[in-house]
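Working notes, structure below.
The values are calculated or read from the model by the stated rules, or taken from the named source; none is laboratory data. A quick note: this is a predicted structure, and the numbers were derived from the prediction, not measured. Here the Cβ positions follow ideal geometry from the backbone for every residue, glycine too, while neighbour counts run over all protein chains shown.
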Amino acid sequence: MLNQKRIILALAILLCAAVSVTGYFWVKTRKPASYESADFAMGTYIQQTVYGKNGEAAAKSALSKITELENRISWRIDSSDVARLNAAAGTDWITIDPETASILAASLDVAQKSDGAYDPTILPVSSLWDFGGENQHVPPKSDLQKYIKYVDYQNLRVDQKNSKASLKLHYMAIDLGGIGKGAACDDAVAAYRSAGADYGIIAVGGSIGVYGTKPDGSAWHIAIRDPATKDENADSMGQIDLTSGFISTSGTYEKTFTQNGVTYHHLLNPKTGYPENNGLVSVTVKANNGAVSDALSTACFVLGREKGEKLLSEYHADGVFIDSSNRVYVTAGLKSGFQITGGKYVLAG
């Protein structure tokens, strides 16, 4: 259970800090915001800074849209589309909301192009680890072998035209945690547009979306978390200047536990069922779509830098890869807008 006092303290910091903390990012603004809000949904902190006379209405609309999205795609909510889809695994197609169908289709696209490095059907295995839950532990090898055969995106079928989906086999299950926060940013930016906001920015956990251009034409300064720092003293290692689009980060610091002296992180390789250990500690992806940026950050982490960069090129996206030796690799499209701010990190490649 979340510690209520910690949440209240964190939200107070979010509202009062000159440099706003959003869990994994810091967003620096030059002028006072027309409206700021800090909330908690989708299992994470949500911070918005929205400008213009309709800023408050836009932010409230965005939060409402995010809550609606969570109620549709969270596998933990029994009435959600995803929970119903999981319950119907191995039986028949079910009707789902068009947005759910769109997100499932996007998740399948990334799964196919990454050869399953990102897989929305990871739940049968990820639930065994229970990262962030009350029973975090390394599951027995026999359990992983039993359930990993049900992790296979090719057995998820989506009929986007008719808003239907199905899981081919019993015991299969969907978890859209690796794409949902980016999708929430998509919904928020759409809400800003509909409400007539001038410009704004939203952070949902490790995903960020920006809308509109600042009057002075300057970029938003998005800081990337130093993966070596702990939550209680999180710091930044670099900065990306962003004028439009979405950014998502996947890092080994997000959900962890230590057992028998070994620390395990939640970024599982869908083919092995174990946390990926390829030398990377963080991957940040910039894309024109929030859901895609979120899924790509996970896929690229599992794939590793070289294969990850090839995947990014297929989506006309860019990324920042940080390895355990503090080397930072930046794709061509981001080099002019990225700078290292943490002294121990060095640009490589």
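Worth pointing out:
- Thr341 meets the stated requirement of being surrounded by fewer than 19 Cβ atoms within 10 Å (Cβ to Cβ), in contact (Cβ under 8 Å) with a residue 60 or more places away in the chain and of a type in the set (Val, Ile, Thr).
- Restricting the first member to the stretch 93-104 and to residues that are under 9 Å from Ile73 (Cα atoms), and the second to residues that are of a type in the set (D, E, K, R) and crowded, with 18+ Cβ neighbours inside 10 Å, the beta-carbon pairs closer than 7 Å and six or more apart or on different chains are Thr100/Arg72; Thr100/Asp81.
Per-residue answers, yes or no, for (1) under 20 Å from Asp115 (Cα atoms); (2) at pLDDT 95 or above; (3) surrounded by fewer than 21 Cβ atoms within 10 Å (Cβ to Cβ):
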residue	(1), (2), (3)
Lys255	no, no, yes
Thr258	no, yes, yes
Tyr264	no, yes, yes
Pro270	yes, yes, no
Pro275	yes, yes, yes
Asn289	no, yes, yes
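- Qualifying residue in the stretch 194-210 (condition: closer than 14 Å to Gln48 by Cα and without any contact (Cβ under 8 Å) to a residue 60 or more places away in the chain): yes
- Checked across the stretch 107-117, the condition of being in contact with a Gly (Cβ under 7 Å, 6 or more places away or on another chain), closer than 24 Å to Leu303 by Cβ and crowded, with 24+ Cβ neighbours inside 10 Å holds for no residue.
- Test: residue in the stretch 75-93 that is of a type in the set (S, T, N, Q), touching a Phe, Trp or Tyr at 6+ places or on another chain (Cβ under 9 Å) and either closer than 30 Å to Tyr253 by Cβ or at pLDDT 95 or above (or both): yes
- Complete set of residues in the stretch 116-137 that are in contact (Cβ under 8 Å) with a residue 60 or more places away in the chain and under 22 Å from Ala317 (Cβ atoms): Gly116, Ala117, Tyr118, Asp119, Ile122
- Counted residues, the stretch 113-135 - those being among the aliphatic types (A, V, I, L, M), out of contact with any helix residue (DSSP H, G or I) (no Cβ under 6 Å at 6 or more places or on another chain) and part of a helix (DSSP H, G or I): 1
- Qualifying position, being crowded, with 19+ Cβ neighbours inside 10 Å, of a type in the set (A, V, I, L, M, F, W, C), farther than 24 Å from Leu267 by Cβ and modelled with pLDDT of 95 or more, among Ile96, Ile66: Ile96
- When Ile77 is tested against (1) under 19 Å from Gln154 (Cα atoms); (2) without any contact (Cβ under 8 Å) to a residue 40 or more places away in the chain, only condition (1) is not met.
- Filtered by the rule that a residue be of a type in the set (Asp, Glu) and within 17 Å of Gly205 (Cα to Cα), the stretch 284-316 gives a lone residue, Asp294.
- Checklist (1) over 19 Å from His265 (Cα atoms); (2) at pLDDT below 95 applied to Lys161, failing item: (2)
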